[in-house]
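The values are calculated or read from the model by the stated rules, or taken from the named source; none is laboratory data. All figures in this text were calculated on a predicted structure; none of them were measured in a lab. Cβ placement follows ideal geometry from the backbone for every residue including glycine, while neighbour counts extend to all protein chains displayed. Keep in mind that these areas ignore ligands, DNA and RNA; they rest on the heavy atoms of the full protein, side chains included. Shrake-Rupley method; radii C 1.70, N 1.55, O 1.52, S 1.80 Å.
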Amino acid sequence: MLTGAAFMVVMLVGVPIGLCLCIAAIVYVMASGNPLLFQSYPLQMFGGVDSYGLIAIPLFILIGEIMNGGGITKRIVDLAMAFVGSLKGGLAYVNILANMFVSSILGSATAQVAIMAQIMVPEMEKKGYDKTFAAGLTAYGGMLGPIIPPSVMFVVYSVMAQVSVSDMLIAGIVPGVILTVLFCLVIALMGYIYNYPRADYQTPRQRIATILSTAPTMLIPIVIVGSILGGLANATEAAAVGAIAAIIVGKYWTREFQFAQLPQMMLRAGIYSAIVLFLVAAAAVFSWVLIFGKVPQDTAAWIQTVAKDPVSFMLLTNVILLIIGTVIDGVPGLIMTVPILLPIATEIYGIDPRQFGVVVVVNLVLGLLSPPVGLCFFVAAAVTGAKPGKMFVVTLPFFGVSCILLILLSLYPALSLILIK
Amino acid sequence: MVDQTIATHTPLARPYRLILAASTRLLAVERLLIMGFMYLLTALILLNVATRYARVPIYWIDESAVYSVVWLTFIGASAMTRLRLDFAVSMLTERLSERGAMIAKVLSTLAVIIFGLALMTMCWLWMDPVGLARAGFDAREFAGQTFNFLYTERTQTLGWPTWSLYLIMPIFAVSMTIHGLANLIEDLELAPKASHPSFVLSAVDGVN
Amino acid sequence: QAKEFRLGLITPNGHSWNKAALKLADRLKAETNGRLTMTVFHSGQLGNEPAMMQQLQSGALDMGFIQAAELGSRVDSIAAINAPYIVRSTDAVAKFVRHPAAEKLFDVLPRETGTIGLGWGITGMRAIFAAKVLNGLADIRGMKLRINPTPVYRDFYSSLGAAPTPIPTPQVFDAMSNGQVDGLEADLEFSWNQRFDKVSKSILQMNAVFMPMAAVVSGRVWQTLSPADRELITKAVKAILNDQINELAAGEPQLIENLKGTGLPIRQVAVADTEAVIAEFDKIWLPKAPILAELRKVGATL
Ligand code: NA
Ligand code: NA
């Protein structure tokens, strides 16, 4: 109780979230009257990031930096434009489709929103879209980043659940595609209601030329997947191989990548990974004291009195996660909830840990788009200057279809498991 | 660099100047280390792929890569503090008056400093340098006296003493506190906000 | 006085060690009418094994099921229990870990690790699952082999000419299926649960090494317990581990039946082939862990 209060107070004063978790953990140890835990505290923080699977995170972020520096993002947008540009609401479709392509290279939602908002929002504004809507839509496009492989969150989940990283990454493909389709349906409907503008018309010949000249960007995801399937690398190492592929594409095909930029890219990738990884460390120490205080056990006992079958458990899980996700989302949300919920899911309700992972990850990704703490909106706001709160309101239908996807994933395990051998 | 930014302002008291200068030096070192660990990590992973493919796998690479990431995390987290880059909730603070916002800012910076000091204390309890000195820097003797076996442990494949890797925790605690103090001096408007031109962090910058 | 214990271990729920831990909790509660209770923290919820050791040492954690590899990385004489060909079957493992010689290994634990060892629990003899057909030790030469990265195993498999390759546990299945490694070594229970047979062409029963775990209590906590409670706990732990050992050994024939049912060829290592390997291994490890000589002597009688 005291811990919760301490957490709320420091958070509202504007203390960074990672530190809020660290401070709440200290308060919890003081309140629990077990000061011995203070001796273990630094080691638990260290141990929170002392995990092989997490290596993938800096590498995934580095690929994004190289890709962006090599002008590859812009070409992916062109590629998407050639497919759907001249429809009504063309640039909105382009936004989602380009986000889907980019998702096959990038692993994190916030990084993706940062990159895509810089490109898509000015373009959409030029064509007459409302800036707030454009920024909000890009934030939802970023949702695809951690759902379609590669994915930082699936990596973190597989580390915690001790399931195969590849299985988890593959499990995200079908849900990612369904989400893309659902988003496009919303755009079609909203485009009809609000009369979205069309993009410039391209002749079929222009389209084919664009597709041919931009297709090599897809070499990067192909190299990533190919190095895994070919036995060259595991899912983590494939990220490093992918970074090399991104350098080659950027250097010899788009010719925009310069080695002089590499140190800055390394620096940015390092800092942005530290933001994520420090949250992982903070969440580890926080969940450690909670587990020590048997909060998960008590929660499990309570859940069993409420949920009588797997379906009601899954729906309850979704509700709980959506509530938690308003404040604690993404990777930290994962780290706080999985140790509590996963054992209940697999042992008591017999749910496949991979299906459960997909539901939890998608839910907590959606948490990145729910107020008051919605990192994707914050990032889109930082890049474009639009207001996060307004973004949420004008894009509510996208939130709605995301919830529909969550229900589908909860009810039908096959949507997550069908591609796993 | 610090001297330039301060020159335009009223002269600062000596302790403030020292803290700001220390924070700036520290940040410059952290910048190099962050880049260094990223290069190291990438090189280690690619080396692992290459040597395994060539059927001469190197045993300690995984462990080195993992510890590179751990150091990267905490060095980056320290730098983040000075750059004010971490994600925070602004729903309350952005509704406050200018004076209220300044108070909130000072309070949140104080929280950073308090956590830094707390972490230092916890590292002190854990690493117990005084106890170690009392045991004549003999790890076994120390373990016998205190039940603290920290200095007798080694990592599994590198075989390094684990305490050398754990040192990042006290380093992080100290550097974060210094950055926190530097931020506090700026928050109290005792010195102008320093810019950090060697960090070009376009995207998420200013989210805080 | 009343006391609530916390026991930590890294294996996931459902593992035979976890079942034993839960039984121990039930038994303590029943025998003391609820005066002594125990909460089990599985899957490394309280941290990995080094982190749990640190908490055991400070007294924050009361008990742990800690693998011999972790204890052996701190104490060479404990690492000796991981040495190859001390015993040659899971049945012999079951006898060996309850022999006074194996229990005597715990004597150094308080001084070297700050914990008290109460008894061993086991997994079965480890086998190699390979992407090619293995007929004997000679075929291991040149293989990229995923191993548990404890120094004893590394020395053993290196001496057989394999290139030991560390792969994190959750990625082993993939590493086998896409050819990053040519083989892996693991116990049969784990291998069957992970279905390594699906990515293998043959199984070679090495009958060489096994990975036991020690039920340890924090030395600090132990000091605070009454002699009567210490005895009660020791007895309960021994009884529970006794069952775990018996059940695991009894379950092995069924596991082998299951694996045979997959149609994979299963070969055994010939005893005659192992003498040179033992000699080479002991050249490195006898100086580090002289107790190994005694362990071998005992093992040979079982
Ligand atoms: Na992705
Ligand atoms: Na949220």
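Sorted by average packing, counted as other Cβ atoms within 10 angstrom per residue and highest first, what order do A:192-204, B:185-197 take? Working shown, then result.
On the way: A:192-204: 13.0, B:185-197: 15.1.
Going by the mean number of other Cβ atoms within 10 Å, highest first, we get B:185-197, A:192-204.
Averaged across the residues of C:158-165, what count of C-beta atoms belonging to other chains lies within 10 Å of each residue's C-beta? Don't jump to the answer; show the numbers that get you there.
Details: counts 1, 0, 0, 0, 0, 7, 3, 8.
Whole-number average of other-chain Cβ neighbours for C:158-165 is 2.
What is the projected area of the convex hull of the Cα atoms of chain C, averaged over all directions, in nm²?
Values: hull surface 58.4 nm².
So the mean shadow area of the Cα hull is 14.6 nm².
For a test of the definition: using alpha carbon positions, the gyration tensor, and the 1.5 limit on a/c, classify segment A:263-421 as rounded, prolate or oblate.
On the way: a/c = 1.76, a/b = 1.37, b/c = 1.29.
It is prolate, given that a/c is not under 1.5 and a/b is the larger ratio.
Given axes a ≥ b ≥ c from the Cα gyration tensor, I'd like to know whether segment A:161-317 is rounded (a/c under 1.5), prolate (a/b larger than b/c) or oblate. It would help to have the intermediate numbers written out before the result.
Details: a/c = 2.23, a/b = 1.39, b/c = 1.61.
Here segment A:161-317 falls in the oblate category.
Give me the angle, in degrees from 0 to 90, between the Cα long axis of helix A:173-194 and the longest principal axis of the Cα atoms of chain A, rounded to the nearest 10.
Once rounded, one gets 60 degrees.
Springs between alpha-carbon pairs under 10 angstrom, Gaussian network model over chain B: which of B:Phe37, B:Phe147, B:Phe74 fluctuates most?
Among B:Phe37, B:Phe147, B:Phe74, the largest mean-square fluctuation in the Gaussian network model of chain B belongs to B:Phe147.
When only the heavy atoms of the protein chains count and the probe is 1.4 Å, how do C:Arg195, B:Arg99 rank by accessible area, highest first?
On the way: C:Arg195 80, B:Arg99 170 Å².
The ranking, largest first, comes out as B:Arg99, C:Arg195.
Distance cut-off 30 Å, Cα to Cα: go down the list C:Lys201/C:Lys283; C:Lys29/C:Lys288; C:Lys198/C:Lys288; C:Lys201/C:Lys288; A:Lys387/B:Lys193; C:Lys19/C:Lys144 and report the pairs above it. Working shown, then result.
Details: C:Lys201/C:Lys283 33 Å; C:Lys29/C:Lys288 42 Å; C:Lys198/C:Lys288 39 Å; C:Lys201/C:Lys288 37 Å; A:Lys387/B:Lys193 25 Å; C:Lys19/C:Lys144 34 Å.
Flagged as over cut-off: C:Lys201/C:Lys283; C:Lys29/C:Lys288; C:Lys198/C:Lys288; C:Lys201/C:Lys288; C:Lys19/C:Lys144.
Given a 10 angstrom Cα cut-off, can you work out which residue in A:Glu347, A:Glu256, A:Glu125 is the most mobile in a GNM of chain A?
Result for chain A, Cα springs under 10 Å: A:Glu347 fluctuates most.
With only alpha-carbon atoms in the gyration tensor, what are the semi-axes of the equivalent ellipsoid for segment A:27-70, in Å, largest first? Please report the intermediate quantities before stating the final value.
Numbers: eigenvalues 284, 24, 7 Å².
Calculated on Cα positions only, the semi-axes equal 38, 11, 6 Å.
Can you run phi through the Karplus equation (6.51, -1.76, 1.60; θ = phi - 60°) for segment A:195-210 and list ³J(HN,Hα) in whole Hz, with x for Gly and Pro?
For segment A:195-210, the Karplus-derived couplings read 6, 5, x, 8, 8, 4, 6, 10, 6, x, 4, 4, 4, 4, 4, 4 Hz, x marking Gly and Pro.
Picking from A:Phe356, A:Val84, C:Ile86, whose Cα lies most toward the positive end of the charge dipole for the protein assembly as shown (charges on Cβ: Lys, Arg +1; Asp, Glu -1)?
Farthest towards the positive pole: A:Val84.
List the residues whose amide H sits under 5 Å from the amide H of C:Asp62, counting only those 5 or more places along or on another chain, with H placed 1.01 Å from N in the peptide plane.
Here the answer is C:Arg6, since their amide H atoms fall under 5 Å of that of C:Asp62.
Inside 10 Å of the C-beta atoms of A:227-233, what's the mean count of C-beta atoms belonging to other chains?
5
Gap in Å between the Cα centre of segment C:101-180 and the Cα centre of segment A:278-328?
Using only Cα atoms to place each centre, the spacing works out to 36 Å.
Working from the pairwise distances between different alpha carbons, so that the mean of 1/r is found and then inverted, what is segment B:2-199's Kirkwood radius in Å? Walk me through the numbers before you get to the answer.
Working: mean 1/r = 0.0508 Å⁻¹.
Value: 19.7 Å, from the Cα pair sum.
Note down the accessible area of B:Val106, probe 1.4 Å, to the nearest 10 Å².
Around 20 Å² of this residue is reachable by solvent.
Roughly speaking, to the nearest percent, how much of segment C:72-124's 1.4 Å accessible area is carbon and sulfur?
Here carbon and sulfur together make up 51 percent of the probe-accessible area.
Can you tell me the orientation of helix A:235-248 relative to chain A, as the angle in degrees between its alpha-carbon axis and the longest Cα principal axis, to the nearest 10?
Long axis of A:235-248 versus the principal axis of chain A: about 30 degrees.
Just counting partner chain Cβ atoms within 10 Å, what average do the residues of peptide B:46-54 show around their Cβ? Write out the running numbers ahead of the final one.
Details: counts 6, 1, 7, 10, 1, 2, 12, 5, 0.
For peptide B:46-54, the averaged partner shielding equals 5.
With θ set to phi - 60°, apply the Karplus curve 6.51 cos²θ - 1.76 cosθ + 1.60 along segment A:128-140 and write out the HN-Hα couplings as whole Hz, x wherever there is a Gly or Pro.
In residue order, the calculated couplings are x, 7, 5, 4, 4, 5, 4, 5, x, 4, 4, 4, 5 Hz.
Does segment A:130-198 come out rounded, prolate or oblate, given a ≥ b ≥ c as the square roots of the eigenvalues of its C-alpha gyration tensor, rounded meaning a/c under 1.5 and, failing that, prolate meaning a/b above b/c?
Numbers: a/c = 4.76, a/b = 2.56, b/c = 1.86.
Because a/c hits 1.5 or more and a/b exceeds b/c, segment A:130-198 counts as prolate.
Mind ranking B:Cys123, A:Cys403 by accessible surface for me, highest first, 1.4 Å probe? It would help to have the intermediate numbers written out before the result.
Working: B:Cys123 5, A:Cys403 35 Å².
The most accessible residue leads, giving A:Cys403, B:Cys123.
How many percent of Cα pairs in chain A exceed 40 Å? Please list the in-between numbers first.
On the way: 13421 of 88410 pairs.
Every Cα pair in chain A considered, those over 40 Å come to 15 percent.
Based on alpha-carbon atoms only, what is the radius of gyration of the protein assembly as shown relative to the globular estimate 2.2 N^0.38 Å?
Details: Rg = 28.4 Å, N = 931, 2.2 N^0.38 = 29.6 Å.
Dividing the Cα Rg of the protein assembly as shown by 2.2 N^0.38 Å gives 0.96.
If contacts are Cα pairs under 8 angstrom and at least 6 residues apart, what is the relative contact order of segment A:42-192 in percent?
Values: 184 pairs, mean separation 38.3, N = 151.
Computed over segment A:42-192, the figure is 25 percent.
Pop out the ³J(HN,Hα) list for segment A:3-11 in order, Karplus 6.51 cos²θ - 1.76 cosθ + 1.60 with θ = phi - 60°, rounded to Hz; leave Gly and Pro as x.
With coefficients 6.51, -1.76 and 1.60, one gets 4, x, 5, 4, 4, 4, 5, 5, 5 Hz.
Show A:Thr395, B:Thr121 ordered by accessible area, largest first, where the area counts protein heavy atoms only and the probe is 1.4 Å. Mind dumping the intermediate values first?
Working: A:Thr395 0, B:Thr121 80 Å².
Order by accessible area, largest first: B:Thr121, A:Thr395.
On a 0 to 90° scale, report how tilted helix C:291-301 is relative to the longest principal axis of chain C, with both axes built from alpha carbons and the result rounded to the nearest 10.
In chain C, helix C:291-301 runs at an angle near 80 degrees to the longest axis.
First select every other residue whose beta carbon is under 12 angstrom from the beta carbon of A:Ala386; then total the charges, Lys and Arg +1, Asp and Glu -1.
Numbers: positive: A:Lys131, A:Lys387, A:Lys390; negative: A:Glu125, A:Asp130.
Cβ neighbours under 12 Å give a net charge of +1.
Would you calculate, for the protein assembly as shown, the mean residue ellipticity at 222 nm contributed by helices, counting each DSSP H stretch of 4 or more residues as -39,500 (n - 2.57) and dividing by all residues, to the nearest 500?
Using -39500 (n - 2.57) per qualifying helix, the result is -20000 deg cm²/dmol.
Could you tell me how far the Cα centroid of segment A:86-108 sits from the Cα centroid of segment A:249-274, in Å?
23 Å
If each Cα of segment A:114-169 is one equal point scatterer, what is log10 of I(q)/I(0) from the Debye formula at q = 0.25, 0.27, 0.31 Å⁻¹?
After summing over all Cα pairs, the log10 values are -0.86, -0.94, -1.11.
Tell me, rounded to the nearest percent, the portion of alpha carbon pairs in segment A:305-398 spaced more than 16 Å apart.
When every Cα pair of segment A:305-398 is considered, 56 percent fall beyond 16 Å.
Per the Debye formula with a single identical scatterer at each Cα and no solvent contribution, what log10 I(q)/I(0) holds for segment C:1-135 at q = 0.10, 0.18 Å⁻¹?
These q points yield log10 I(q)/I(0) values of -0.39, -1.15.
Roughly how much of B:Tyr151 is accessible, in Å² to the nearest 10, using a 1.4 Å probe?
40 Å²
Choose one answer from C:Thr274, C:Thr115, C:Thr32: the residue with the largest mean-square fluctuation in a GNM of chain C with alpha-carbon springs under 10 Å.
C:Thr32
How large is the accessible surface per residue of segment C:14-64, computed with a 1.4 Å probe and reported in Å² as a whole number?
Numbers: 1600 Å² over 51 residues.
Spelled out: the 1.4 Å probe surface of segment C:14-64, per residue, equals 31 Å².
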